[in-house]
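Some notes on the structure that comes next.
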Amino acid sequence: MPDTPRIPPLVEPGPPLGLDATRRFARHLLLPALGEEGQRRLARAHVVVLGAGGLGSPALLYLASAGVGRLTIIDDDVVDVTNLQRQVIHPDASVGVPKAESAASTLRALNPHTDVVTQRARLEPSNAATLLTGADLVLDGTDNFETRYAVNDACAQLGLPCVWASVYRMQAQVSVFWASPPAPHVGTDLRDLFPHPPAPGSVPSCGDAGVLGALTGQVGSMMAGEAIKLICGIGSPLLGRVAFVDLMDATVTHLPLAPRRPAAHTPPAPVEAWPASHLISSPDLATELAADAAPFVLDVREPAEVALAAIPGSVHIPLGEVLADPRATGLDTHSDIVVHCKVQPRAEAAARALRNAGYTRLRVLAGGILGWVRDVDPSQPEY
């Protein structure tokens, strides 16, 4: 069987390089696969990066330093002190500053010849196509499923390739999604890997489970490398493959990815929103805990989270155990139970499981442990 032809370059070469650009990118020009023509393609490319966080930080730094002509950063968040452990594009002085603005400042200092555009916006299904129109390529460094699927579907609609990655603690996945690549290449997208988003709260974010900063640097650099390959038409991009990175074992395993059969998948039923009438605020919970008939407080976070901050007297059963056996609490089904996690989604998932198992008096702590720390016990750290 003949070798599959390479994917053609995404971008036509820009003007010839001047003396300053030749000096700046001399180490690229020495690479036979890239050379001057590849550098001119990079100079003409427009890449949109979703998220200036753990993955977006290294990806943006390497794309700007590589000479990508235009970078658009889309991020609606601000820099938090907990970001600094991995989001290397932001200095300590940027805490409280919008991430897009902080990242743009760093990139302009790194390479003033790259045109950096910022969009402080939250990408959603309603605006995704508008925000991504005009790009040659998209990098998805977001950390929530709603946005990932919105990016994926908009890229499929616009015919754009998308470099995607996801990290969890000390493992990661990286791939290139492109629903309609040039023939004879076969297109795949996020829905081929995960046909439907998981239920809210069922998969911890890095803010809940933790992540090693060096891993995001490794994976973000891989994303930048995939983008450069696609722009210049070199190498074999991760189209139709998923690279599974295990930092602890120092391994990268490549798994094949094929298009799904749409008829073989039934969309899951929508998850019912937890009713506001069954939420309790942190101050109200503190008042109830001081009374004689205090509720049972169930903490469904992971053990490492509980070690950082906890509500006195609460009982810890991780979400996975509650979902596997809602009766693991050992409580009577008519017990007064308040469930909490870091913010709220995991607690809602646990409360639904308990409700389905016959528990009748269930409330969820609004804002989770972070709300408790802010409103009741600021001596404990937010994380």
- Could you pull the accessible area for Ser277 with a 1.4 Å probe, rounded to 10 Å²? 100 Å²
- Ignoring ligands and nucleic acids, Leu31 exposes an accessible area, probe 1.4 Å, in Å² to the nearest 10, of 90 Å²
- Accessible-area order (highest first, 1.4 angstrom probe) of the listed residues Asp143, Asp325, Asp189: Asp143, Asp325, Asp189
- Task: Any chance you could check the Cα centroid distance between region 6-60 and region 236-261 for me, in angstrom?
- Result: 24 Å
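Rounded, prolate or oblate: which one fits region 1-75, using the alpha carbon gyration tensor with axes a ≥ b ≥ c (rounded when a/c is under 1.5, else prolate when a/b beats b/c, else oblate)?
Details: a/c = 1.90, a/b = 1.16, b/c = 1.64.
Cα axes put region 1-75 in the oblate bin.
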- Considering only the chain, what is the antiparallel percent among its DSSP beta bridges, to the nearest 5? 40 percent
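Taking the Cα centre of region 1-102 as origin, work out the dipole magnitude from +1 charges on Lys and Arg Cβ and -1 charges on Asp and Glu Cβ, in debye rounded to 20.
On the way: 10 positive and 11 negative charges, 87 e Å.
Charge dipole of region 1-102: 420 debye, to the nearest 20.
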- Query: Efficiency by 1/(1 + (r/R0)^6): what FRET value for Val306 and Ser65, r their Cβ-Cβ distance, R0 = 41 Å, to the nearest 0.05?
  - Reply: 0.50
- Gap separating the Cα centres of region 73-101 and region 124-171, nearest whole Å: 20 Å
- For helix 345-356, what angle does its Cα long axis make with the longest principal axis of the chain, in degrees from 0 to 90 and rounded to 10? 50 degrees
- Task: Return the calculated 222 nm mean residue ellipticity for the chain, to the nearest 500 deg cm²/dmol, obtained by summing -39500 (n - 2.57) across DSSP H runs with n ≥ 4 and dividing by the residue count.
- Result: -9500 deg cm²/dmol
- Rank these residues by their accessible area, most exposed first, probe 1.4 Å: His316, His254. His254, His316
- Just grab the label-to-label distance for Arg241 and Asp92, each label 7 Å out from Cα along the Cβ direction, in nm (one decimal). 4.2 nm
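Taking the Cα centre of region 271-330 as origin and charging only Cβ (+1 Lys, Arg; -1 Asp, Glu), how large is the dipole, in debye to the nearest 20?
Values: 2 positive and 9 negative charges, 7 e Å.
Result for region 271-330 is approximately 40 debye, rounded to the nearest 20.
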- Note on the structure: With region 53-112 reduced to its Cα atoms and the Debye formula applied, log10 I(q)/I(0) at q = 0.15, 0.22, 0.27 1/Å amounts to -0.37, -0.80, -1.17
- If a cysteine in the chain has no other Cys Cβ under 4.7 Å from its own Cβ, put it on the list, ordered by number. Cys206, Cys232, Cys341
- For region 1-76, what is the relative contact order in percent, using Cα pairs closer than 8 Å and at least 6 residues apart in sequence? 30 percent
- Message: Using the Cα centre of the chain as origin and beta-carbon charges of +1 (Lys, Arg) and -1 (Asp, Glu), tell me which of Ala52, Ala66, Ala309 is placed farthest towards the positive end of the dipole.
- Response: Ala66
- For helix 213-232, report the angle its Cα long axis makes with the longest principal axis of the Cα atoms of the chain; keep it between 0 and 90° and round to the nearest 10°. 40 degrees
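Placing +1 at every Lys and Arg Cβ and -1 at every Asp and Glu Cβ, with all other atoms neutral, what dipole size does region 159-258 have around its Cα centre, in debye to the nearest 20? Please report the intermediate quantities before stating the final value.
Values: 4 positive and 6 negative charges, 27 e Å.
Computed about the Cα centre, the dipole is about 140 debye.
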- Using only the Cα atoms of region 105-173, build the gyration tensor, take square roots of its eigenvalues as a ≥ b ≥ c, and label the shape rounded, prolate or oblate: rounded if a/c is under 1.5, else prolate if a/b is larger than b/c, else oblate. oblate
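Quick check: with the 1.4 Å probe, what order do Arg120, Arg261, Arg241 take by accessible area, largest first? It would help to have the intermediate numbers written out before the result.
On the way: Arg120 145, Arg261 190, Arg241 75 Å².
Result, largest first: Arg261, Arg120, Arg241.
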- May I ask you to give the solvent-accessible area per residue for the chain, in square angstrom, as obtained with a 1.4 angstrom probe? 47 Å²
- Message: Rounded to the nearest 10 Å², what accessible area does Glu101 have for a 1.4 Å probe in the complete protein model?
- Response: 110 Å²
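Share of antiparallel DSSP beta bridges in region 231-383, in percent to the nearest 5? It would help to have the intermediate numbers written out before the result.
Details: 6 of 18 bridges.
Of the beta bridges lying entirely in region 231-383, close to 35 percent run antiparallel.
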- Considering the options Val364, Val245, Pro378, tell which one lies farthest towards the positive end of the dipole of the chain, charges being +1 on Lys and Arg and -1 on Asp and Glu at the Cβ, about the Cα centre. Val245
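The values are calculated or read from the model by the stated rules, or taken from the named source; none is laboratory data. Predicted model only: the values in this text are computed from it and were never measured. Virtual Cβ from ideal backbone geometry, glycine too; neighbours counted across all protein chains shown. Protein only, heavy atoms only, side chains kept; ligands, DNA and RNA dropped before computing areas. Shrake-Rupley method; radii C 1.70, N 1.55, O 1.52, S 1.80 Å.
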